[in-house]
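Working notes, beginning with the structure itself.
Every number here is computed from the coordinates shown, using simple stated rules; none is lab data. Remember, it's a predicted structure, so these values are computed and weren't measured experimentally. Cβ coordinates were reconstructed from backbone atoms using ideal geometry, including for glycine residues, and neighbour counts include every protein chain displayed.
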Amino acid sequence: MEESLIIRAFDQAITLRRPQPGLIIHSDQGGQYFGKTFKRRLTKWAYRQSMAEKENPYQNAHAESF
């Protein structure tokens with residue numbers, strides 16, 4: 001998955017939902033979430049980043065069950 005896809009989806013979600021500053025964005029440790037562009041977006045909107053621990057597939061299970 002390319003970082004540009006993540007950026008487009010993120011921008012669309014921000015535009016539609018308008019979440020408040022302080023929102024926690026949780027993801028796996030995919031490279032697209034480490035990119036400078038994505039990190040700048042998080043900083044711009046005052047969101048925090050949370051990542052699953054390496055090699056722990058169960059951390060995302062609760063969110064992915066929705």
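Taking a spot 7 Å from the Cα of Thr37 along the direction of its beta carbon, which residues of the range 1-27 have an amide N less than 17 Å from it? 1-15, by backbone N distance to the label point.
Sorting 40-52, 8-20 by average packing, meaning the other beta carbons within 10 Å per residue, from highest down gives 40-52, 8-20.
Inter-label distance, Gln29 to Gln12: 2.9 nm, where each label sits 7 Å from its Cα along the C-beta direction.
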